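Everything below concerns the one structure shown next.
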Amino acid sequence: MDTLLMDVRYAVRQLKKAPGLTIVAVLSLALGIGANTALYQIADRVLLRPLPVTDPSRLVTVVDGPPESGRTYESSYREFLTYRREATAFSDLAASSGTTLALSGELATARVAAEMVTPNYFRVLGIAPAAGRWLVGDVSDRAVPGDAEPAVVLADRVWRSAFGADPRVIGKTVKLNGAPFTVVGIAPAGFVGNDLGAAADVWIPLLAQPLIATGAQSPTQFDRTSDQSRWLRITGRLRPGATIASAGASLLTVRQRLYDPALHGDNPPTVSAVSTLSAVITGGRADLNKFLVLLLAVVGLTLLIACANLATLLLARGAARTQEMGVRAALGAARGRLVRQLVTESAVLALLGGAAGVLVASWTTDLLRPYVLPGGVRVDAVATGLNGGTIIVAFALSLLTSLLVGLAPAIAATGRDAAPVMHVRASTETRGQSRLRGWLVTAQVALALVLLAGAGLFGRSLRNALALDTGFRVDDIGLLTFNLGEQRYTRERAATFYRELRNQSLAIPGVRGAAVARLVPVEAAGMRSSVLLPGRPQSDSPGEISFNVVGDGFLETMGIPVVRGRTFGESDDERVAPVAIVNEALARRLWPNEDPIGQRFVRGSFARPPFTVVGVARDSKYRSLREDRLMYFYLPLAQNYDNAGLARMNLVLRSAGRVDAALVGASSVLRAMDPELPVHRSETMTAHLGALLMPQRMGTTVLGFLSLLGVILAVTGIYGVVAYAVARRTREIGVRMALGARGADVVRLVLGQGVVHVVLGVAAGAIVVASASTLAASFMYGVSATDTATIALAAVILAGTSLLAMLVPAWRATRIEPVAALRGE
């Protein structure tokens, strides 16, 4: 221990003598280690520990169909009770269902994602509250709606963000959709339920659903006595000795006994069980895995560049300390002792970089919190911030870095006999050291090219996506989202509210269009319904078609032209026959050789009244920017309050001036009309589309920053290598110039070796980009992951900056005075 402390003190003294090297090393390592630590924290939570509960491998989720289907099984309440009673492979089963609520109280007002759960939910998962207690109550068919205690459990992040982490919130009353609930507990940090893609903010008892039912909902919509009301997701814990296969078999046995052709049709009953760990993200798992692996690879490359850069500096420093090592060896120091001393210096540098990297990791995590990963996983839901695990990872990376960075230079610096070394200049470098420095430069250039090309590909992809022809206006559109149902409006009161809201919005200075709509364009959530044609066989049906319910003026406000027929008007209300507007794709599919105007179709069942087509709207993007010619139709709000009106709605504004100013004005109108109505969203259409392109935006931002850092480190390394080579060959250059060499000859001499390593690095980097293209292919819009032009541009930029870095010491070499150089020898 005493020897180690002595080595550390000596290392600190040596690093103080080289402040420039120390500062560069610590900063580069801090950025590399910090970025890796931040991304590891997110990847660990999503990929390795997505469910922070007791023994998560014993938890299973019930799915519809075979295990590989991935379709969440939705059960009725009575069916859930039957599974819980008769499925013998489980020690217990719990049920849950997601919704959104308006939360209001003394300290906070917000829209929250809620999970309605059976009281045994947390016990089945195997998790203890961070404060307070869990929900209590009965799980049986004897309980009736309303018997549940009006209690709520808060997620840790909501407790901190909305209630300032005040422990006194337990026992306080908050309102959910206007109904009073008592806060009884706080969930542990990092726990957001068993679906990361729908992270819960609060949990309430399942039987309390009638208390928060609003608008078009009713207590019977979630009828616990009807098998037709299927709304529950089931999670269970296996009994000791039971397997996932035996759990699936026991579920299927119960399902077959419950099978009723009148309810389930002619399809045979299928149900199975999968590990909850694999089902914790219900959608986008493949893209999420790819994206996180891609980000981890990128930040790993950055750390490798920093290590290679530092290794080149340490090699140069080791060559400059050749005489020191020789003297110490001559005095009896063993080579292992010298290597240990030099590695200790590297370790001190790495630990300093790790300490700074902890701060960088915290800052990086904060910067990433607004992003949403593929699958709907919010970074703020899985990134718990600085903790013991984060610090351990940072310092583990530091120790690994010290070995990567320090061992090779240490061995190279101590690998010569003491006697000859005593008589050489301090700047002497062996051929092996020179070759190693060159290859390190090659590696830096290759890795920097990968980052630079990746940033270019993501940047081009984002630009292409934003430039897509969406079929609607983007730049001058604003969106406000609210929910009258949460305020318990009646249909009549809601209809009056919407008319007045549109009229007052049109009176806002600069507003040129205003309308309400159930959905906004390019929204992942949506409504779908089967479409049937009167007088035609069911085989002619195009299947389930997406649709929207919109108020007057929606198509005009969004700039979606009606190419045939007419748009909706004030007369299209419940007093007249139902009407609809179809898009061009649906019109071509249903009536390819006929005029669609005046044609009729029914939605869902022939028992419903048919819709008459009064207009054909131009095709646009509806649910995804990647979709191609999606069939779609629009229904007027005044005729379809069953599908909208008392649910989540959007006010769409078109402004001739600043869109954000129009949104502020519309928010003021909403507050004046109903001061208690919370606004769920206020953003421009540009921001809305940007959120949908979050992976591309995140990739562009992260890769852009890291590629800049990588290029700076690589160029710095190249400059250091060439400058050191010039310093080491000062006498040789002086002799050449004394014998008549021109400045151009000296430049060629200096650039020769550096250019070779740059060319090799560019070639190696291009090969790596091409071979890793499959990781990024699914995130590209309008550009190939192996786009030659982007890779070539990245190569030109990197080669050009590298050449500039080499020209500086080369130009200095041409200024060497031969006489002074020879006299210095």
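The values are calculated or read from the model by the stated rules, or taken from the named source; none is laboratory data. Note that this is a predicted model, so its numbers are computed, not measured. Note: ideal-geometry Cβ built from the backbone for every residue, glycine included; neighbour counts use all protein chains shown. Accessible surface is based on the protein model in full, side chains and every heavy atom, while ligands, DNA and RNA are left aside. Shrake-Rupley method; radii C 1.70, N 1.55, O 1.52, S 1.80 Å.
Quick notes
- Count of segment 629-646 residues which are modelled with pLDDT of 80 or more and under 16 Å from S546 (Cβ atoms): 8
- Subset of segment 626-657 that is assigned to a loop (DSSP other than H, G, I, E, B), within 30 Å of G782 (Cβ to Cβ) and out of contact with any Phe, Trp or Tyr (no Cβ under 7 Å at 6 or more places or on another chain) - its residue that is least open to solvent (accessible area, probe 1.4 Å): E627
- Check on L15, surrounded by 15 or more Cβ atoms within 10 Å (Cβ to Cβ) and modelled with pLDDT under 80: yes
- Candidates are the residues of segment 502-546 that are β-branched (V, I, T) and not in a strand (DSSP E or B); the one that is farthest from the chain's Cα centre (by Cα) is I508.
- Residues that are surrounded by fewer than 16 Cβ atoms within 10 Å (Cβ to Cβ) and of a type in the set (V, I, T) do not occur anywhere in segment 577-593.
- Extreme residue, most open to solvent (accessible area, probe 1.4 Å), among residues of segment 507-540 that are among the small types (G, A, S) and closer than 16 Å to V613 by Cβ: G535
- Residues in segment 668-677 include at least one that is in a helix (DSSP H, G or I), in contact with a strand residue (DSSP E or B) (Cβ under 8 Å, 6 or more places away or on another chain) and open to solvent by less than 10 Å² (accessible area, probe 1.4 Å).
- Qualifying residue in segment 686-698 (condition: under 28 Å from L27 (Cβ atoms) and open to solvent by 40 Å² or more (accessible area, probe 1.4 Å)): yes
- So V60, is it among the β-branched types (V, I, T), assigned to a helix (DSSP H, G or I) and in contact (Cβ under 8 Å) with a residue 24 or more places away in the chain: no
- Whichever residue in segment 455-501 is in a strand (DSSP E or B) and of a type outside the set (V, I, T) and, among such residues, is modelled with the lowest pLDDT: N483
- Yes/no for T790 being under 13 Å from L449 (Cα atoms) and either of a type in the set (V, I, T) or in contact with a Cys (Cβ under 7 Å, 6 or more places away or on another chain) (or both): yes
- Contact annotation: residue pairs with Cβ atoms under 8 Å, 6 or more positions apart or on different chains, pairing a residue in segment 670-681 that is of a type outside the set (A, V, I, L, M) with a partner that is open to solvent by less than 50 Å² (accessible area, probe 1.4 Å) and in a loop (DSSP other than H, G, I, E, B), are R671/L677.
- When segment 184-198 is limited to residues that are open to solvent by less than 10 Å² (accessible area, probe 1.4 Å), modelled with pLDDT under 90 and of a type in the set (A, V, I, L, M), the one that is nearest to the chain's Cα centre (by Cα) turns out to be L196.
- For beta carbons closer than 8 Å, sequence separation of 6+ or different chains, a first residue in segment 564-587 that is among the hydrophobic types (A, V, I, L, M, F, W, C) and a second that is exposed (fewer than 13 other Cβ atoms within 10 Å of the Cβ) and modelled with pLDDT under 95, the qualifying pairs are A577/P609; A585/R629.
- Only one of the numbered conditions (1) within 36 Å of the chain's Cα centre (by Cα); (2) open to solvent by 10 Å² or more (accessible area, probe 1.4 Å); (3) more than 23 Å from A617 (Cβ to Cβ); (4) of a type outside the set (F, W, Y) is not met by D475, and that is (3).
- Unmet requirement for S571, which otherwise passes all of (1) of a type in the set (S, T, N, Q); (2) open to solvent by 20 Å² or more (accessible area, probe 1.4 Å); (3) under 34 Å from the mean Cα position of the chain (by Cα): (3)
- Cβ-Cβ distances below 7 Å connect the following pairs, each with a first residue in segment 447-474 that is within 25 Å of L304 (Cβ to Cβ), a second residue that is polar (S, T, N, Q) and open to solvent by 20 Å² or more (accessible area, probe 1.4 Å), and a separation of six or more residues or different chains: A455/T700; F458/T700; G459/T700.
- Hits in segment 244-259 (condition: of a type outside the set (A, V, I, L, M) and part of a helix (DSSP H, G or I)): S246, G248, S250, T253, R255, Q256, R257
- Taking first residues from segment 772-790 that are within 11 Å of F458 (Cα to Cα) and without any contact (Cβ under 8 Å) to a residue 60 or more places away in the chain and partners that are assigned to a helix (DSSP H, G or I) and open to solvent by 40 Å² or more (accessible area, probe 1.4 Å), the Cβ contacts under 8 Å between residues at least 6 apart in sequence or on separate chains come to S784/A777.
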